[in-house]
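Only one structure is covered here, and it is reproduced in the block below.
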Amino acid sequence: MDEKGNKREIAICEECAKKRGVLESGKTLNIEEILKIMLKAKEKEDKELKCPRCLLTFYEFKKYGKFGCPDCFKAFEEKLIPFIKKIQTTIREKEEEVFHKGKKVTVGVKRSLLLSEIKRLKMELEKAIREEDYEQAAKIRDMLKEKEEELKKDEIG
Amino acid sequence: MKLDKNLIPGFLREIGKDGDVCISSRIRLARNLENHLFLLKASLKEQEEIIEEIKEVINRLNNFQFYGEEKLDEIFLNYLLERYLVSPDFVLNKNKKGVFIDSEEKISIMVNEEDHLRIQILEGGFSLDEIFVRINELDDKLEKELPYAFSEKFGFLTACPTNLGTGMRATVMLHLPGLILTNEMEKAIKAARSIGFLVRGIYGEGTKTIGSYFQIGNQFTIGMKEEEIVENTKNLIAQIVNYERKARDYLLKNLKNEIEDRVWRAYGILTNAILLNSEEAINLLSTLRLGVCLGIITKISLITINILNILVKRANLIYYLKKKDLNEEERDYRRALLVKKVLKKTDETNE
């Protein structure tokens, strides 16, 4: 069985198993042995799948049952779709996958990030002026200008 | 002694629709910010930044009281939990956290519970529709100012996959002594669970049931619209309310003496005991509540029982008495005294 819950059948005789490297030569075919190897391979795969932003691995996600950041969803997307179906519905046999159907955000993510960044910079600017750190204030003002222009472009676009 | 109903949160000050069975309704939304790591990965410093950013927005938009780290000691956290304004996870977790509460104590916004934001509104009785309208407005207002983490496929991104999509849980707190006494509760729980509903104890997830109080709400959060979640929950709750009323009718018709005996014994203990612990008090008040709903007891109002239900809890009793240094036995004594005074006086004045 793979991550998506699909069963994949592979016929293995002792000969093929040795050829595929599933079985060490000299040993006989043992179901337990094969399962162990398959589980190990899956674990390794889960440990290698990592979110680039927060560095959470899919293995850790399964262990804690929690995501580390908003980017985890992109990083784990393929494995997540069947996983969500499994935990978020009682009707498992149904073919269709489970996606969001509810309300959406009205402000785009990029725009709302820009807005919050601008807000933060304005606060920092005020603080710098209050503390009479004019060098810092000039730096922040430049950054602020940049962000505000970006926002304008976003509005036109 | 008559107690001021302003001693308890707004949603318990009135008996709402179907108030004989439905104590209160609640909807909560889980939300996170795109520009921060979730709590599993966010450093303490980042957690503080999250609080500051959210504080800036909410303080500007709403007139809520904010309680931060410095206010949230063990007793105050439990005081809020006992009033259903924060969750057990919020009390226990080691995050930097804070909570916004409106003056009526019907709205609370927890910051850094399991998600960056947990927005909830409570109302008395069976009132999911009204709450839904109001929480939607509040959420829309916040969404325009806070960069919510959202994806087209998965909806509102939440720390736990069980909240993905709408991030919404609609719950009703039910009083189901009839189903308990007729041994029908287990069947009802099984049926509710099989169609995707959660049945939980008095404070929600992972808490035990006391006094025949249950929280029932939707389990699934993704794959359907918010309106559908509310509608499905309403349908199930309406059925359970019906079921509970039938059980009460049955008890009154077939086991009248036993039920009256049970109610008056509860009354007897509540009005005569010298020591009462909080769990015993809640259990007896639960039986008294049933007695009031069945017309066995007529001189005590459901509001009085709501008030006592909150004040007999440990942290709320401490706040009410303004005595932090009482030991357990002293508390049990003062609790019994309070209950006695309130119930006996109600008796005399025919409130």
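It is to be established whether one or more residues within segment B:64-77 are within 26 Å of A:LYS104 (Cα to Cα), more than 14 Å from chain A (Cβ to nearest Cβ) and surrounded by 16 or more Cβ atoms within 10 Å (Cβ to Cβ).
Scanning segment B:64-77 turns up at least one residue that is within 26 Å of A:LYS104 (Cα to Cα), more than 14 Å from chain A (Cβ to nearest Cβ) and surrounded by 16 or more Cβ atoms within 10 Å (Cβ to Cβ).
B:ASN183: at positive phi, out of contact with any Ser or Thr (no Cβ under 6 Å at 6 or more places or on another chain) and more than 14 Å from chain A (Cβ to nearest Cβ), yes or no?
In short, yes.
If you scan segment B:228-241, which residues turn out to be within 14 Å of chain A (Cβ to nearest Cβ) and either assigned to a strand (DSSP E or B) or touching a residue at least 12 places away in the same chain (Cβ under 8 Å) (or both)?
B:ILE229, B:VAL230, B:ASN232, B:LEU236
Considering each of B:PHE90, B:PHE11 in turn, give the residue that is modelled with pLDDT of 95 or more, in contact with a Ser or Thr (Cβ under 6 Å, 6 or more places away or on another chain) and either part of a helix (DSSP H, G or I) or surrounded by fewer than 23 Cβ atoms within 10 Å (Cβ to Cβ) (or both).
Within the list B:PHE90, B:PHE11, the selection yields B:PHE11.
Residues to consider are B:ILE216, B:ILE210; find the one that is touching a helix residue (DSSP H, G or I) at 6+ places or on another chain (Cβ under 9 Å), surrounded by fewer than 20 Cβ atoms within 10 Å (Cβ to Cβ) and away from every other protein chain (no Cβ under 14 Å).
It is B:ILE210.
Which one of these is within 23 Å of A:PHE99 (Cα to Cα), part of a helix (DSSP H, G or I) and at the interface with chain B (Cβ under 8 Å from one of its Cβ atoms): A:PHE61, A:PHE73, A:PHE67?
Of the residues listed, the single one that is within 23 Å of A:PHE99 (Cα to Cα), part of a helix (DSSP H, G or I) and at the interface with chain B (Cβ under 8 Å from one of its Cβ atoms) is A:PHE73.
Under 6 Å between Cβ atoms, at least 6 apart or on separate chains: pull out the pairs that start in segment B:38-65 with a residue that is in the same structural domain as B:GLU145 (by TED's automatic domain parsing) and end on any residue that is surrounded by fewer than 16 Cβ atoms within 10 Å (Cβ to Cβ).
B:LEU61/B:LYS141
How many residues are out of contact with any helix residue (DSSP H, G or I) (no Cβ under 8 Å at 6 or more places or on another chain) and either closer than 30 Å to A:PHE76 by Cβ or among the aliphatic types (A, V, I, L, M) (or both) when one looks only at segment B:172-186?
Result for segment B:172-186: 2.
Matching residues to (1) within 22 Å of B:ALA238 (Cβ to Cβ); (2) buried (at least 24 other Cβ atoms within 10 Å of the Cβ); (3) out of contact with any Ser or Thr (no Cβ under 6 Å at 6 or more places or on another chain):
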| site | (1), (2), (3) |
| --- | --- |
| B:ASN95 | no, no, yes |
| B:ILE107 | no, no, yes |
| B:HIS116 | no, yes, yes |
| B:LYS144 | no, no, yes |
| B:PRO147 | no, yes, no |
| B:THR162 | no, no, yes |
| B:PRO177 | yes, yes, no |
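Any residue at all in segment A:79-86 that is part of a loop (DSSP other than H, G, I, E, B) and more than 7 Å from chain B (Cβ to nearest Cβ)?
Scanning segment A:79-86 turns up no residue that is part of a loop (DSSP other than H, G, I, E, B) and more than 7 Å from chain B (Cβ to nearest Cβ).
Within segment B:34-48, can you find the residues that are more than 9 Å from every other protein chain (Cβ to nearest Cβ) and either in contact with a His (Cβ under 7 Å, 6 or more places away or on another chain) or of a type in the set (D, E, K, R) (or both)?
The answer is B:LYS45, B:GLU46, B:GLU48.
Among (1) more than 30 Å from B:GLY167 (Cβ to Cβ); (2) modelled with pLDDT of 90 or more, which single condition is A:PHE83 missing?
Status for A:PHE83: all satisfied but (1).
Among the residues of segment B:103-112, which ones are touching a residue at least 60 places away in the same chain (Cβ under 8 Å) and in a loop (DSSP other than H, G, I, E, B)?
B:GLU104, B:GLU105, B:LYS106, B:ASN112
Among the listed residues B:GLY155, B:GLY165, B:GLY201, B:GLY206, identify the single one that is in contact with an Asp or Glu (Cβ under 9 Å, 6 or more places away or on another chain) and not hydroxyl-bearing (Ser, Thr, Tyr).
So the residue among B:GLY155, B:GLY165, B:GLY201, B:GLY206 that is in contact with an Asp or Glu (Cβ under 9 Å, 6 or more places away or on another chain) and not hydroxyl-bearing (Ser, Thr, Tyr) is B:GLY206.
Go through (1) in contact with a Lys or Arg (Cβ under 6 Å, 6 or more places away or on another chain); (2) at pLDDT below 95 and name the single condition B:LEU326 misses.
(1)
Where residues in segment B:14-58 are outside any loop (DSSP other than H, G, I, E, B) and among the basic types (Lys, Arg), which of them is nearest to A:PRO70 (Cα to Cα)?
B:ARG31
If I filter segment A:61-76 down to residues being of a type in the set (D, E, K, R) and surrounded by 18 or more Cβ atoms within 10 Å (Cβ to Cβ), which single residue comes out as farthest from B:LEU37 (Cα to Cα)?
Within segment A:61-76, the match that is farthest from B:LEU37 (Cα to Cα) is A:LYS66.
Is there any pair linking a residue in segment B:7-33 that is more than 14 Å from chain A (Cβ to nearest Cβ) to one that is part of a helix (DSSP H, G or I) and hydroxyl-bearing (Ser, Thr, Tyr), with Cβ under 8 Å and at least six apart or on different chains, and which?
B:LEU7/B:TYR320
Which residues, taken from segment B:116-157, are within 11 Å of chain A (Cβ to nearest Cβ), in a strand (DSSP E or B) and either among the β-branched types (Val, Ile, Thr) or touching a residue at least 40 places away in the same chain (Cβ under 8 Å) (or both)?
B:TYR148, B:PHE150, B:GLY155, B:PHE156
What's the total number of residues in segment A:29-56 that are touching a strand residue (DSSP E or B) at 6+ places or on another chain (Cβ under 6 Å) and either within 12 Å of another protein chain (Cβ to nearest Cβ) or loosely packed, with under 15 Cβ neighbours inside 10 Å (or both)?
The qualifying residues number 1.
The values are calculated or read from the model by the stated rules, or taken from the named source; none is laboratory data. Just so we're clear, the structure is a prediction, and the values are computed from it rather than from any experiment. Methodologically, a virtual Cβ is constructed for each residue, glycine included, from the backbone with ideal geometry; neighbour enumeration extends over all protein chains shown.
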